[in-house]
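A short worksheet on the structure shown next.
What follows is calculated from the coordinates using simple rules that are stated; it is not laboratory data. Because the structure is predicted, anything quoted here is derived from the model rather than measured. Every residue, glycine among them, receives a Cβ derived from its backbone with ideal geometry; neighbour counts consider all protein chains shown.
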Amino acid sequence: MKPRHKKLAMIVAGVAALGVASVLVLDAFQSNLVFFFTPTQVAAKEVPIGKSFRIGGLVTEGSVQREDTSTTVYFSVTDTSHTIPVVYTGILPDLFKEGKGVVAQGKMSDRGIFKADEVLAKHDENYMPPEAAEALERAAKAQKASLSE
Amino acid sequence: MAINWFKYSSPASFYSLAGKMIPLFAAAAVILLIMGLYIGFFIAPTDFQQGEAYRIIFIHVPAAWMSMFLYVVMACWAGFGLAFNTRLSSMMATAIAPTGAMFTFLALWTGSLWGKPMWGTWWVWDARLTSELILLFLYIGFMSLQAAIDDPRRADKAGAIIALVGVVNIPIIYFSVQWWNTLHQGASVSVNQAPAMASTMLMGMLIMVFASWMYSIAVILKRVRIIILERESHTTWVAELQKDGVA
């Protein structure tokens, strides 16, 4: 092997070793890298106790209730297998909607209600004009109707 | 016709070749930029959930893609320079860094502007945002290390190490939204799936990506020409250029 080829081989080997090392490190830190916990993880008590953490999921359809005289809002977050009730006082992001993604930061209260200090909207990666979204929704409804018949 | 590519690995002949190519890439960049922005702002439809605010995607996504792509290219050149001691390779790496850093900053900045109205926050420490911020630090680290070392050959070697080590961050940025749960949504456009975007939106975005490529090539060639002149200032061909008044 020529010296420069040897050098190249060493560089490639070095980068590969580094890659393997980072995979191992990231794998070890897997649980610390999550941005939020799912309601299922909360139900399984995988969340830090007495500390602030984030839960993420979809806002349950029909769960949003606002108080008339304040900005307090009650809703629940679901991952379709478990549901966590949430209470939050403050201004919600524009994209906050029933059936849409949400990430809330706060603490679990003793009564099993998640008291959020911050609510963020998590939107999906789909971009389309409103007409296309309506057409998709109609198609989904039609399919549902034909399935239930 | 056989082209002798090795001829262009000499800084002197690459200098003149780059000079001829810059206007072509610059013109392509301007044309594509005008087309892309026109489609993005006037032709592409409103989004069903984000309204008009999604239009920042036409800047944000090309900038984010370029920030990662340019890093890989920079690390490749730096690696070639380290392995084969070719001067021009290292000069290319040095020339790419500022443009890569600019695109990284642009991606973070536009992302922040987009995050506030849509997510409800300027910044969160999720895996995607954090790893992109680390990318900015890698670019800045590469540039400051090179600037701190006076001997250009030693600066090239030291920079190459940072650049190569930092390459591991690129797949982390790219796959962060799949590996961990993040606030940032998944990829709308990927190799193995149909794009999750309306076709006009996608077209506008891709044209903006090509515009960013053309811009990057033009600016990087311009910068590498300056680096060549600086580093080769002791040679006779640079002296002749100066005598002719071209440089």
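What does the charge count around B:Ala18 come to, taking other residues whose C-beta lies under 11 Å from its C-beta (Lys +1, Arg +1, Asp -1, Glu -1)? Before the final figure, lay out each step's value.
Working: positive: B:Lys20, B:Lys222, B:Arg223, B:Arg225; negative: none.
Local charge sum for B:Ala18: +4.
Against the longest alpha carbon principal axis of chain B, how many degrees, from 0 to 90 and to the nearest 10, is the axis of helix B:169-179 turned? Helix B:169-179 and the main axis of chain B meet at about 10 degrees. Using a Gaussian network model of chain A whose springs link C-alpha atoms within less than 10 Å, name the residue from A:Val25, A:Val64, A:Val12 with the highest mean-square fluctuation. Evaluated over chain A, the most mobile residue of the options is A:Val12.
Proximity of backbone amide H atoms, modeled 1.01 Å from N, is registered between A:Glu125 and B:Gly186 at under 5 Å, excluding neighbours fewer than 5 places apart on the same chain.
Shown here for region A:30-127: trypsin sites (Lys or Arg not before Pro) in loop regions (DSSP other than H, G, I, E, B) with at most 10 other Cβ atoms within 10 Å, namely A:Lys45, A:Lys51, A:Arg111. In chain B, the longest principal axis of the Cα atoms and the axis of helix B:152-166 are about 20 degrees apart. Between B:Ala97, B:Ala12, B:Ala196, the residue with the greatest mean-square fluctuation in the GNM of chain B (Cα pairs under 10 Å linked by springs) is B:Ala196. Within the protein assembly as shown, antiparallel bridges make up roughly 85 percent of the DSSP beta bridges whose residues both belong there. Comparing A:Gly56, A:Gly99, A:Gly14 in a Gaussian network model of chain A (Cα springs below 10 Å), the most mobile by mean-square fluctuation is A:Gly14.
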